[in-house]
Amino acid sequence: FRTSPIGHKKPTPLEEADTVLNLFDTTLFEMVPSVYRRFDNWVLGENAGCVSPVCPPFFRPGSWIGSDRDGNPNVTALVSRQVAEKYRVHVLQALARATKEVSRGLTLDGISTPASPALVNLWAQQVEMSQALTSRAIDKAGSELHRAAMRVISGRLSATIERNADLMYQNAEEFIADLRVIQDSLAQAGAFRIAYGPVQKLIWQAQTFGFHLVEMEFRQHSLVHKRALADLEAHPSTAEKPAKLGAMTQEVLDTFRSIGSIQKKNGINAARRYIISFTQSAQDVENVYKLARLAFANEEDVPVLDVIPLFEQIEDLENAVATLDQVIQLPEVQARLAQTDRKLEVMLGYSDSSKDEGPTTATLVLHKTQAALAEWAEKNSIDLILMHGRGGAVGRGGGPANRAVLSQPKGSVNGRFKLTEQGEVIFARYGDPTLARRHVESVAGATLLQMAPSIEQKNTQTDVKFASLASELDKASKQRFLELIHSDGFAEW
């Protein structure tokens, strides 16, 4: 309480990224597998930790730090690459430390715990790959092959940090595959508690954080894309005479090149989402795909993109279904739907909609929009994921997250709930491991409960019961809000 609520200077994007790394170290890396373990304990009872787990790695952390450039000139293509590299190195260091720690507990001799044929084969591959790594591992582990193989895996993670082409893992899936070999070997030898205890914890951590730590989500205003395309059309480029483009246009193109670079280094999931602020039409979505293609000379270099429309203003929210009808007709969107089992992500803005006509009207419009989108998704066989752009304050959609989940309209959650955790609530919810675990469990539990027939029926009945009252509140609050913001002396925004 003695700390000033206002810093002496504004943090840079790289300094903001350090706060993510701090939360990862103090909370997330250990908290996430503990949530999965508690889920297993509830479902499996006494068998938890002795049999194959039932809890999937459902927690997916994302970040706008270093990638949200809407109105922030400090976030450049270079900054995005630097932040992505920070994330990559940090998570690999954490996984390498955790892997070495697990190896210390694998003091299982070859007589009591014989290696499986698959583990023997893995070891042979490791020997062929690096005599130096395997020799050091044997020096420490002796005949304990599970331990030796795990130490080599830890060494390969260190090589991945340094991008040693001969030893590095190409992706997290390769790393997890090696862990599975050790886990299966332990289980076959009867060492179930080790296989489904510390080794499973490490697998959960790798599945959740990958080699990228968080999924960077890029965001830019739709108007910036329109201006960039107009600039490109006004200044056509040729091999002999490159176009003289404006600084913003060049930055937009460089952003897509950075996304491509990050995907090649850290994996597609590290940077595949691109959010369009103030989406008003399908053309806004198409513009992003056009710019992505124009940023590269070769089609095969264009990164994989999931372009996410962000509906923020009241009018745009009310027109969301009509807009999405056109969005899913775009060839690029149809291709992604086919590749992702028809998954489509849409973001809803809470803050800007509140600025339009007040928080009460915005809340009611958002609720109606979600219900309409859920019905639209079912009609079009779309696996819809709604992202809720909620802030901490009530005026920005803030409030108890679990109650917010439980109150969602029928069909709008379907086992997934994605929301933004913004500056003012991040530390409150994730600064302490116990509170962080409680928060994640609360939201995850509400996400499961929301699909229960009793909850869906209750929400539907509540909508009908209070429809008239909601309409009256909407009309009265909108009138008072507009009177307020248009009154003499009220600051313009």
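The values are calculated or read from the model by the stated rules, or taken from the named source; none is laboratory data. Only a predicted model underlies this, so the values are computations on that prediction, with no experimental measurement involved. When we count neighbours, we look across all protein chains shown, and the Cβ atoms used for this are built from the backbone with ideal geometry, even at glycine.
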Original post:
Taking Leu78, is it in a helix (DSSP H, G or I), within 30 Å of Gln220 (Cα to Cα), outside the structural domain of Ile275 (by TED's automatic domain parsing) and touching a residue at least 60 places away in the same chain (Cβ under 8 Å)?
Top reply: yes
**OP:** Go over the candidates Leu373, Leu344, Leu366 one by one and state the one that is out of contact with any Cys (no Cβ under 6 Å at 6 or more places or on another chain), over 18 Å from Ala476 (Cβ atoms) and at pLDDT below 95.
**Re:** Leu366
**OP:** Considering each of Glu345, Glu332, Glu378, Glu315 in turn, give the residue that is in a helix (DSSP H, G or I), acidic (Asp, Glu) and touching a strand residue (DSSP E or B) at 6+ places or on another chain (Cβ under 8 Å).
**Re:** Glu332
**OP:** Could you list, in sequence order, all residues of the stretch 430-441 that are more than 15 Å from Pro33 (Cβ to Cβ), in a helix (DSSP H, G or I) and touching a residue at least 24 places away in the same chain (Cβ under 8 Å)?
**Re:** Tyr430, His439
Original post:
Residues of the stretch 157-179 being exposed (fewer than 13 other Cβ atoms within 10 Å of the Cβ) and closer than 22 Å to Ala118 by Cβ, which ones?
Top reply: Gln170, Ala177
Original post:
(1) at pLDDT below 95; (2) out of contact with any helix residue (DSSP H, G or I) (no Cβ under 7 Å at 6 or more places or on another chain): which one isn't true of Gln188, the others all being true?
Top reply: (1)
Original post:
Of the residues Leu310, Leu337, which is in contact with a strand residue (DSSP E or B) (Cβ under 9 Å, 6 or more places away or on another chain), more than 20 Å from Ser477 (Cβ to Cβ) and without any contact (Cβ under 8 Å) to a residue 60 or more places away in the chain?
Top reply: Leu337
**OP:** Go through the stretch 413-460 and give me each residue that's over 26 Å from Asp68 (Cα atoms) and of a type in the set (S, T, N, Q).
**Re:** Asn414, Thr434, Ser442, Thr447, Gln450, Ser454, Gln457, Asn459, Thr460
Subject >> Matching entry among Gln200, Gln205, Gln283 (being under 26 Å from Val321 (Cβ atoms), at pLDDT 95 or above, within 27 Å of the chain's Cα centre (by Cα) and not in a loop (DSSP other than H, G, I, E, B)) >> reply: Gln283
